[in-house]
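The values are calculated or read from the model by the stated rules, or taken from the named source; none is laboratory data. Everything numeric here is computed off the predicted structure, so don't read it as measured data. Don't worry about glycine lacking a Cβ; one is built from the backbone with ideal geometry, like all the others, and counts go over all protein chains shown.
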């Protein structure tokens, strides 16, 4: 079994630790994501792993770009539905996180567009 550093992951449920030890874990995640997102294998897995990093102290971030009607919102919405720690905003200035007085520790910040609501 993988030894998960409690300083990074906190206390981990044994079922989750066993799942993380599965050599086919990425394939299992891809298979689940394939139910709603066809193709885009690298993008959907990368975005999923970036979102999963929000549960650690080593957060990653992503900016999804592409041409109009390329499926950016579809990809984002169908990956984010697997995460319970998403905070949605319609607009945010650079100073807004400091002014809210809230902690964004282990949160995923999502900006909504007119079509992703």
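Among 81, 76, 107, 35, which is surrounded by 14 or more Cβ atoms within 10 Å (Cβ to Cβ), modelled with pLDDT of 85 or more and out of contact with any strand residue (DSSP E or B) (no Cβ under 6 Å at 6 or more places or on another chain)?
76
Take the residues in the range 43-67 that are at pLDDT 95 or above and farther than 18 Å from residue 85 by Cβ, then tell me which one is surrounded by the most Cβ atoms within 10 Å (Cβ to Cβ).
44
For residue 60, all conditions in the list (1) out of contact with any helix residue (DSSP H, G or I) (no Cβ under 7 Å at 6 or more places or on another chain); (2) outside any helix (DSSP H, G or I) hold save one; what is the number of the exception?
Among (1) out of contact with any helix residue (DSSP H, G or I) (no Cβ under 7 Å at 6 or more places or on another chain); (2) outside any helix (DSSP H, G or I), the lone unmet condition for residue 60 is (1).
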